[in-house]
Amino acid sequence: MTALPLQTPEERVSYLNAGHTLRSWFLTTDHKRIAILYLVAITGFFAVAAVGAALIRLQLMTPTGELLSHEGYNRAFTLHGVVMVWFFLIPSIPNTFGNFLIPLMIGAKDLAFPRLNLASWYIFVGGGIFTLYALIAGGVDTGWTFYTPLSTMYANGHVLAVIAGITIAGFSSILTGLNFIVTVHKLRAPGMTWGRLPLFVWSHYATSVILVLATPVLAMTLILLFAERALRLAIFDPSIGGDPLLFQHLFWFYSHPAVYIMILPAMGVVSELVTAGARKRVFGYWFVACASLAIAGVGFLVWGHHMFVSGQSPYAGAIFSFLSLAVAVPSAVKVYNWTATLYKGEVVLDPPLLYGMAFVGLFTIGGLSGLMLALLAIDEHVHDTYFVVAHFHYIMVGGAVSGFLGAAHFWWPKITGRMYPLVWGRISAGLIFLGFNLTFFPQYLLGYLGMPRRYPTYPPEFQALNVLSSAGASVLFVAYVLPLVYFTWSLRNGRAAGANPWGASGLEWTTPSPPPKHNFEQIPVVDRPAYDYPLTRARGDE
Amino acid sequence: MNPFFQAWPPEASLHAVRVDQLFIAFSALTVLLTAPVFVLMSGFALYYRRGRDVDRTQAPRGNWRLETVWTIVPFLLALIFFGWAGWLFFDQGHPPTGALTIDVVAKQWMWKFEHPGGQREIDELHVPAGEPVRLVMTSQDVIHSLFLPALRLKQDVLPGRYTSVWFKAGLPGVYALRCSQFCGFDHSVMAGRFVVMTPADYSRWLQQAGTDGSLAWQGFQRFRALGCSGCHGPASTRRAPKLEGVFGHPVALDGGRVVIADEQYVRDSILYPAHDVAAGYAPIMPTFAGQVSETDLLALVAYVKSIGTAAPSQEAGR
Amino acid sequence: MSEYVTLREPYAARRQQSDADFLGMYVFLATEAMLFGALMCLTFLYRTQHPQASALAAQHMQLWIGAANTGILLTSSLFVALGVLAARHGQRRTTAGMLAGAMALGVVFLTLKGIEYGLDYRDGLMPVIGHPSPVRQGPAGLFIDLYFVATALHALHMIVGLVVLGTAATLVLRGAKRLPGQAVVVEMSGLYWHFVDVVWVFLFPIFYLARG
C-alpha cells in the first residue's frame, strides 16, 4: 500500500484534538492529557525554584553578600529546596513521561485507574499552590530538611502551611505509584511478559515501590512535626523530654529513598536513549532490570549516612557506611552496561543519545563523590559543606534533569507530532554539560576547603570559586531556556514527525505521532523481545 | 593565609594528614573506575557511528562473567577504603584517658568555651599542640555543629545531650572555626578562631586569661548554693547516694540495669532524677530543670568528676 | 450475573478489572501500614529507651475502655466479613444489614473513645488543654503524646471507614450496585475496615498493655 502524504498533527485525529474545550482537558481521564497537565505544572514549579537558585548564586558572588538579608537568603534556599525536591524532581519524569508512555509501552489503553490519575494531578497542584503561597507570602527559613528543634521551636514563618502542602502533594505521589504498580501487573498486552518489558517500565516499577512504601513515612514525620509545632506535643523537643535525633531518623528514612525516586526514572530513560541511539539491544537486560529493584530495596537501608556526625552511634554509622557503598554497586552495573551497549552498535549522535551520554558522565562523577561521602572519616570533614551540595546537584541536576531533558528530546515527536531542529538539541546538550560542570565542580573544592552550606556570607578566600560557580550557573540558565524556545517553536513550525522518526523499538513507536486517544485500535499481541534490533519494519513513517 | 584564594585546607593534625591521604587515594580509585567509562563511551560512540564500515558482527547481548567481575571487583576495592575510613573515624571516637577536657556550649549564634581552670572564651578556642584535647559539647537551643576544617573534624552539638570529639593538634597556628549545622539567621557568622599554641604559650595564655576559679570549684559553689549537699553531703540526714568515686564507674539502677556514670548521666540525674534511680534508693530527688543553665550543669559535672577519682565509698552505688 | 458488571476503561476482561481493583486496594493498605508502622516503630523504639517512663504512662491509660473497644472492633469486623459473604451470595438486604451493624459498632467505638478522651482530660493527660498532671513530665509525657497522635489518627481512619461502609451499604440497598456481580465495592470496603481493625489490634498492646 502506498504511503499517504503525511497529515499535519492538526489534521490527524489524535488525543490532542479529541476535544478542544477546557472541560475536555481539566476533566480528562486520558493518561496522555494528564501527562501534559503535569508537564505544564512542573515547568511552572521549576521556574519558581530556579528563581530561588538565581538568588542564591547572585548572593554568593561576593563574600559579604549585599543582595539579601540573612533571613532572605535562608528563605531563598528553603524555597529552592522544597519546590525542587517535591514539586519538580519527584514528579518530573514519572508523572509526565511515565504517565504518557507506560500504557503505550505495555500495550494498554490507559492506566489501571484513570480517574485516580486525574485526582492525583489535582491533589498535586493543590498541595503545590498551597506550599508556594506559604513560601512566598511569609517564607520559611528552616531549609528543606526542617530539622528540629529549629523548625518546631525556633523558626518563624509559615512552617505549618508548607508542611501541610508537602503532605498533600505526598498523597499524589502515593496514588501515582499505586496506579503504576497495578498497571504493570495487570494491563500488559498478551505476550508482554516481564522479560519483554522496556527497562523504562522496570525503572518506573521500582520507583513506584519506593513511592508507595516511603512516602507514608514522610506523611507521619510531617504529622508529628505539625503536632509538635501547633499543639506543643513533645516528641522531638529535648527541653520536654523529646529527642531531636528521632526526627532525623524518621525524616531520612523517607528522604533517602526519595532520592532514588528522583534518579531511577532518569535511569530508565537513559536505557531507552542508549538502546535507540545505538540501534542495539541493551547489554545485560536482566542485570539492568534487577539493578533497578536492588537500588530500590537497598536504598531503604542507608538513611543513617546523613547522620554520621549527628550523635548517632558510631557502630550504626559503620553499618550505614557499608550499606551505602553496597547501594552504589547496582548503579555502577547500569553505567557499565550502557557503555557496553554502544559496543558494536550503529550509533547516531542525535540529541537523545547526547543527553544520555551527558547523564552517564555527570551521574558517574556525582555517584563517586557519593562513595566518598559514604566513607566515615571523609564525611566527618565534608558533611554539611559544599561538597555535599555538589554531590547531590551532580546526581539530581546532572543526572535527573538531564534524564528529563533527554526524555523530552526523545519523545517530543511522539507526544506532539512535531520534530524540533536537531542542531539546537545538540547545542543545548553540550551547553548543559559545560555549564553544569562549571557551576558545580568548583563546589566540590569549596566543600573540601571547608565552606559550609547554607551560608549567605563566607570568608573571602572562597570568592574565586564562588564566582566561577555563579558564572557557570548563567550558562546553565541559557542552556535550560534554549529547549523551551525551540520546543515551543516546533509546535507551529516543526517538521511533522512520523510514527517512528528515530527508528526505535518499543510499542509506543508503532502508534501514530501523536497517538490516538485510546492508543491502540486493537491491543497488540507481543511476540518479540525488548530492543529487538534491527527492526523488521522499514525505518521511517507509516 | 592568602585572602583571595585557598588551594588546600591547612593540615593542623596527624588525623588531618591521614584524612587527606585517604581522600587522595580514593580520588585516584574513582578516576581508575571512571576513566574507562568516559573513554569507552565516547570511543564507542565515535568508532561505531552509523555509516562507518566496522565489524559489528556478533554483538554481545550480555556476559554474566564480565558482569560479575565488574560488580564484585569495584565493591571489594571500595571495601578497603571502608575499612581505612572506618578505622580513622573510630579512632576519633575513643579519646585517650586524661585528655584535657574543654566544655563547649553553643547557642544562637555564638560558641562558648570553658577550660578546666575556669578560663572562658567566646568564639575563640585556644588549645595546646601535642596534647590530646577532648571537647564536651551541648547546645542551649537548636542543633549546631562545631566544624574545625584544619583538623578535618566536625561534630553536631545537640540540646539536651552531650556530644564529644577529641583531637591532638600538631601545628601551632590560627585556623577556622565554624558552625556547620544550619541554625537560623546568623548561622554563617557563628564562627571564630581556632588557635593552636605551643604548650608553653598555652600555659602563659591560661594564666593571663581571667578566671572565676576552676570549673570544678565553680561546680562546687553551685553544688552548695543549690542545696545539693543537703542530701548528698556528709552531714545529710536524707538517704542519697554519695557522689565520691562515682564518676566513670558503673552504677546499678532500679530495675536491674547498670549504666556508666558519665557526663550525660550526671546531667540527666540533675534534670530528670526520676528517670534512672540508683538501686536501693527512693525516687525523692527533686528536679532542678529550669534552675540550672547549661554552663552550671557543665560546672556541676566537672565537680562530680573531680571527686570521682576518690576511692569508692561503701554506699556509692552497689 | 456477568451482565451487571460494567467494564471500565481500559479493561478488556472482568477478571482483569477485579484483579486490578484488589491489587490496588492491597497496595493502598500497604501504604497505610507504612504510615502506622512508622509511628509504631517510633513508639517501640521509645519504649526500649525509656522502659520505666513508658510503663508509668501506660498505667494511666483507661485499660478497660481500650479492652472493650478492642472487642467491639473485632466484632464489627465479624459483621463486615458476614456482609461480604452475603454480598457474594447476592443477598442485598443481609449485606446492607451486616454493614449497618458494623457501622453501629464503629459508632460505639468512637463514643467510648470520646468518653476515654474525656477521662484523659480529667486526669490531666491531654496536651495543651487542662491542668497537666505530673505524669506528663519528661519521657512519660512523650509516650502519652504518641498515644494521642496514634489513637487520633486511628479514629480519623475509623470515621473514613464509617463513610466508606455507609456508602457501600447505601449503594447496595438502593440497587445502584447489583449483587453479586458488583460485590467488589463491598469487598473493597470490607478490606479497608479490616485493616483499620488490624491497626487497632497493634495499637492496643503497644500503648495499653505493657504497664510494667
Among the residues of segment A:68-101, which ones are more than 19 Å from A:Met396 (Cβ to Cβ) and within 14 Å of another protein chain (Cβ to nearest Cβ)?
A:Leu68, A:Ser69, A:His70, A:Glu71, A:Gly72, A:Tyr73, A:Asn74, A:Arg75, A:Asn99
Pick from A:Val389, A:Val298: which is closer than 28 Å to B:Val142 by Cα and either basic (Lys, Arg) or in a helix (DSSP H, G or I) (or both)?
A:Val389
Kindly indicate whether any position in segment C:23-36 is farther than 30 Å from A:Pro103 by Cα and buried (at least 18 other Cβ atoms within 10 Å of the Cβ).
yes
Restricting segment B:171-186 to residues that are in a strand (DSSP E or B) and within 14 Å of chain A (Cβ to nearest Cβ), which is surrounded by the fewest Cβ atoms within 10 Å (Cβ to Cβ)?
B:Val174
Mind checking whether some residue in segment B:52-61 is hydrophobic (A, V, I, L, M, F, W, C), within 11 Å of another protein chain (Cβ to nearest Cβ) and part of a helix (DSSP H, G or I)?
no
Answer from A:Gly191, A:Gly195 - the residue that is within 13 Å of chain B (Cβ to nearest Cβ) and either over 23 Å from the mean Cα position of the chain (by Cα) or over 27 Å from B:Gly62 (Cα atoms) (or both)
A:Gly195
Can we say A:Phe322 is at the interface with chain B (Cβ under 9 Å from one of its Cβ atoms), part of a helix (DSSP H, G or I) and farther than 19 Å from A:His204 by Cα?
yes
Looking at segment A:37-67, which of the residues that are touching a Leu at 6+ places or on another chain (Cβ under 6 Å) and either within 19 Å of A:His393 (Cβ to Cβ) or of a type in the set (Asp, Glu) (or both) is surrounded by the fewest Cβ atoms within 10 Å (Cβ to Cβ)?
A:Leu58
Within segment A:137-165, how many residues are surrounded by fewer than 22 Cβ atoms within 10 Å (Cβ to Cβ), among the aliphatic types (A, V, I, L, M), more than 14 Å from chain B (Cβ to nearest Cβ) and in contact (Cβ under 8 Å) with a residue 24 or more places away in the chain?
3
Tell me which residues, restricted to segment C:121-143, are aliphatic (A, V, I, L, M) and more than 9 Å from chain A (Cβ to nearest Cβ).
C:Leu125, C:Met126, C:Ile129, C:Val135
Please count how many residues of segment B:117-131 are in contact with a helix residue (DSSP H, G or I) (Cβ under 8 Å, 6 or more places away or on another chain) and either at the interface with another protein chain (Cβ under 10 Å from one of its Cβ atoms) or assigned to a strand (DSSP E or B) (or both).
4
With respect to C:Val128, is the statement that it is farther than 29 Å from C:Ser77 by Cβ, at pLDDT below 95 and in a helix (DSSP H, G or I) true?
no
For segment B:85-110, which positions are touching a residue at least 24 places away in the same chain (Cβ under 8 Å), assigned to a helix (DSSP H, G or I) and within 8 Å of chain A (Cβ to nearest Cβ)?
B:Ala85, B:Leu88, B:Gln92
Would it be correct to say that A:Arg453 is more than 10 Å from every other protein chain (Cβ to nearest Cβ), under 23 Å from the mean Cα position of the chain (by Cα) and either more than 25 Å from A:Asn95 (Cα to Cα) or surrounded by fewer than 23 Cβ atoms within 10 Å (Cβ to Cβ) (or both)?
no
Out of B:Val165, B:Val189, B:Val258, which single residue is modelled with pLDDT under 95, surrounded by fewer than 18 Cβ atoms within 10 Å (Cβ to Cβ) and outside the structural domain of B:Asp296 (by TED's automatic domain parsing)?
B:Val189
Check off (1) closer than 30 Å to B:His94 by Cβ; (2) of a type in the set (S, T, N, Q); (3) not in a strand (DSSP E or B) for B:Gln207 and give me the number that stays unchecked.
(1)
Selection within segment B:132-150 - more than 7 Å from every other protein chain (Cβ to nearest Cβ) and touching an Asp or Glu at 6+ places or on another chain (Cβ under 9 Å)
B:Leu135, B:Val136, B:Met137, B:Thr138, B:Ser139, B:Gln140, B:His144, B:Leu146, B:Ala150
For segment C:134-157, enumerate the residues that are out of contact with any Lys or Arg (no Cβ under 8 Å at 6 or more places or on another chain) and free of Cβ contacts under 8 Å to residues at least 60 places away in the same chain.
C:Pro134, C:Arg136, C:Gln137, C:Asp145, C:Phe148, C:Ala152, C:Leu156
Against the definition (at pLDDT 90 or above and either more than 30 Å from C:Gln59 (Cβ to Cβ) or assigned to a helix (DSSP H, G or I) (or both)), how does C:Gly101 come out, yes or no?
yes
Here are the criteria: (1) more than 20 Å from the chain's Cα centre (by Cα); (2) surrounded by 22 or more Cβ atoms within 10 Å (Cβ to Cβ); (3) in contact (Cβ under 8 Å) with a residue 40 or more places away in the chain. Tell me which single one A:Ala76 does not satisfy.
(3)
Segment A:234-285, subset closer than 22 Å to A:Ser208 by Cβ and within 10 Å of chain B (Cβ to nearest Cβ), residue surrounded by the fewest Cβ atoms within 10 Å (Cβ to Cβ)
A:Tyr285
Which one is nearest to the other protein chains (Cβ to nearest Cβ), of the residues in segment B:157-170 that are in contact with a Pro (Cβ under 9 Å, 6 or more places away or on another chain) and not in a loop (DSSP other than H, G, I, E, B)?
B:Pro159
Please tell me if C:Val80 is in contact with a Gly (Cβ under 9 Å, 6 or more places away or on another chain), crowded, with 16+ Cβ neighbours inside 10 Å and facing chain A (nearest Cβ under 8 Å).
no
What are the residue pairs meeting all of these: first residue in segment C:119-132, first residue free of Cβ contacts under 8 Å to residues at least 60 places away in the same chain, second residue of a type outside the set (Lys, Arg) and not in a loop (DSSP other than H, G, I, E, B), Cβ atoms under 6 Å, and 6 or more apart or on different chains?
C:Met126/C:Asp120; C:Pro127/A:Leu231; C:Pro127/C:Asp145; C:Val128/A:Leu231; C:Gly130/C:Tyr121
Would you check which residues across segment A:285-338 are out of contact with any helix residue (DSSP H, G or I) (no Cβ under 7 Å at 6 or more places or on another chain) and of a type outside the set (Ser, Thr, Tyr) and list them?
A:Trp286, A:Cys290, A:Gly297, A:Ile319
When segment A:43-70 is examined, which residues are found to be touching a Pro at 6+ places or on another chain (Cβ under 8 Å), over 16 Å from A:Gly81 (Cβ atoms) and either modelled with pLDDT of 95 or more or in a helix (DSSP H, G or I) (or both)?
A:His70
Scan segment A:357-368 and give yes if some residue there is in a helix (DSSP H, G or I) and within 23 Å of B:Met137 (Cβ to Cβ), otherwise no.
no
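The values are calculated or read from the model by the stated rules, or taken from the named source; none is laboratory data. All values derive from a computational prediction rather than experimental measurement. Positions of Cβ are backbone-derived with ideal geometry, glycine not excepted, and every protein chain shown enters the neighbour counts.
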